[in-house]
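*Asks:* Take this structure first; my questions come after.
The values are calculated or read from the model by the stated rules, or taken from the named source; none is laboratory data. It should be emphasised that the depicted structure is a prediction, and the values quoted were computed from it without experimental measurement. Every residue, glycine among them, receives a Cβ derived from its backbone with ideal geometry; neighbour counts consider all protein chains shown. Each accessible area value is taken on the protein alone, full model and side chains, heavy atoms only, with ligands, DNA and RNA left out. Shrake-Rupley method; radii C 1.70, N 1.55, O 1.52, S 1.80 Å.
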Amino acid sequence: MTPTSDVPNAVATDAVPPESTATTDHRSVRRTAGGRLVGALRSGSLAVPIGLVGLTLLFYLLRPTTFGTTANFQSLLTTQAVLVILAFGLTVLSAAGEFDLSAAAVLGLCAGVVALLTTKHEMNVLLALAIALGLATAVGLINALFVVALGVDSLVTTLGMATVVTGVALGTVGPTTIGGLPASVTRFGQTVVFGIGVPFYYTLALLAVLWFVLQRTATGRHIYFVGEAQTAARLVGLNVNRIRVGAFLAASVGAGLAGVVLVAQTGAASTSYGGPYLLPAYAATFLGATVNRGRFGVVGTFLAVYLLTVGTQGLQMLGSPDWVTQVFSGGVLVIAVTVAKLSRRSGSR
């Protein structure tokens, strides 16, 4: 005979699981979120966002009438567009495991060519832009020829190409600054929307496109695969050489676009304008890699550019001598490379 007490027990047993399951789910969600936060803090993934917010608040409190003004923040966002675009191209190339030390020279060449063609030769602005970007593409193909086809180290190749491109720029454009660009050029860099120059919106558009390509497409996955395990990528049938060539083109064309934006923004150009951009561009690229445990990405690069800019500008507004800002920029590059390497090691475990 079956005991009558089994019935309520069965009812109770049937009634308990939904509540206990819901409670368990909530707890697991909280634990998962908390675990992710702790893991991000330990890996250094939040170092750049926290550093950006922290430095911004610090200098805002120390110099509220200069650093903390709306006009300063608007200028800060606009003026760094050139550096962001250059760094985006280098980020794609770095993700593929290569380097390009000629990017800054390409930037100066393209800026000078656009200025020369639209002033002294009165060429149509679109044609001048096409020629400048065509030159950038040619440099990228030459870099890829030596590195991909002939197997020369990318650092050596692009260092030599930087000198070649600088020499070509001096020979064709000249060493002097070219000003007086027509409005058809400057409108692409000096138009203001909601108080912020249009170059900043160019960077947002590029950010969205490159993020989607790198994070949500097979092409992006293949770029990372080639950069992290080139031999394995060949074994699984990927066209490694084509991916590497495309990455070199992305870096050179990105440098060309940065040069075009620079000349449109300033209304003047010189072939020497590109030099100062190389170090901070690579510093931002490697510093930004810490956001994703050593994997290069455009979101991290974007945040890192503004972290470096806030730090440099804040130090200048505090009256620090020039050598302090140079130490800051160089030190950040060394630390960024180190942290990115350590983050990649920890992320691979």
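*Asks:* What is the one condition in (1) in a helix (DSSP H, G or I); (2) within 18 Å of residue 260 (Cα to Cα) that residue 180 does not satisfy?
*Replies:* The failed condition is (1).
*Asks:* Given the condition of a type in the set (Gly, Ala, Ser) and closer than 21 Å to residue 248 by Cβ, answer yes or no: does some residue in region 199-211 qualify?
*Replies:* Checking region 199-211: not a single residue is of a type in the set (Gly, Ala, Ser) and closer than 21 Å to residue 248 by Cβ.
*Asks:* Would you confirm, using the coordinates I've provided, whether residue 263 is crowded, with 21+ Cβ neighbours inside 10 Å, in contact with a strand residue (DSSP E or B) (Cβ under 6 Å, 6 or more places away or on another chain) and either among the charged types (D, E, K, R) or not in a loop (DSSP other than H, G, I, E, B) (or both)?
*Replies:* When the stated conditions are applied, residue 263 passes them.
*Asks:* Now for a different question. Is it the case, given these coordinates, that residue 57 is out of contact with any strand residue (DSSP E or B) (no Cβ under 6 Å at 6 or more places or on another chain) and at pLDDT 95 or above?
*Replies:* yes
*Asks:* Right, something else. What is the residue count in region 147-163 for residues that are more than 25 Å from the chain's Cα centre (by Cα) and assigned to a helix (DSSP H, G or I)?
*Replies:* Matching residues across region 147-163 total 1.
*Asks:* Take the conditions farther than 15 Å from residue 260 by Cα, in a helix (DSSP H, G or I) and touching a Leu at 6+ places or on another chain (Cβ under 9 Å) and apply them to residue 139. Does it pass?
*Replies:* Yes: the conditions hold for residue 139.
*Asks:* Which condition from (1) at pLDDT 95 or above; (2) part of a helix (DSSP H, G or I) is the one that residue 75 breaks?
*Replies:* (1)
*Asks:* Where residues in region 180-206 are out of contact with any helix residue (DSSP H, G or I) (no Cβ under 8 Å at 6 or more places or on another chain) and surrounded by fewer than 16 Cβ atoms within 10 Å (Cβ to Cβ), which of them is farthest from residue 121 (Cα to Cα)?
*Replies:* 194
*Asks:* Would it be correct to say that residue 218 is open to solvent by 20 Å² or more (accessible area, probe 1.4 Å), in contact with a helix residue (DSSP H, G or I) (Cβ under 9 Å, 6 or more places away or on another chain) and farther than 25 Å from residue 48 by Cα?
*Replies:* Answer is no for this residue.
*Asks:* Only one of 315, 308 is open to solvent by 20 Å² or more (accessible area, probe 1.4 Å) and assigned to a helix (DSSP H, G or I); which?
*Replies:* The unique qualifying residue is 315.
*Asks:* Being of a type in the set (Ser, Thr, Tyr), open to solvent by 10 Å² or more (accessible area, probe 1.4 Å) and in contact (Cβ under 8 Å) with a residue 40 or more places away in the chain: is that true of residue 91 here?
*Replies:* The answer is no for residue 91.
*Asks:* Within region 168-179, can you find the residues that are modelled with pLDDT of 90 or more and of a type outside the set (Val, Ile, Thr)?
*Replies:* Residues satisfying the conditions are 169, 170, 171, 179.
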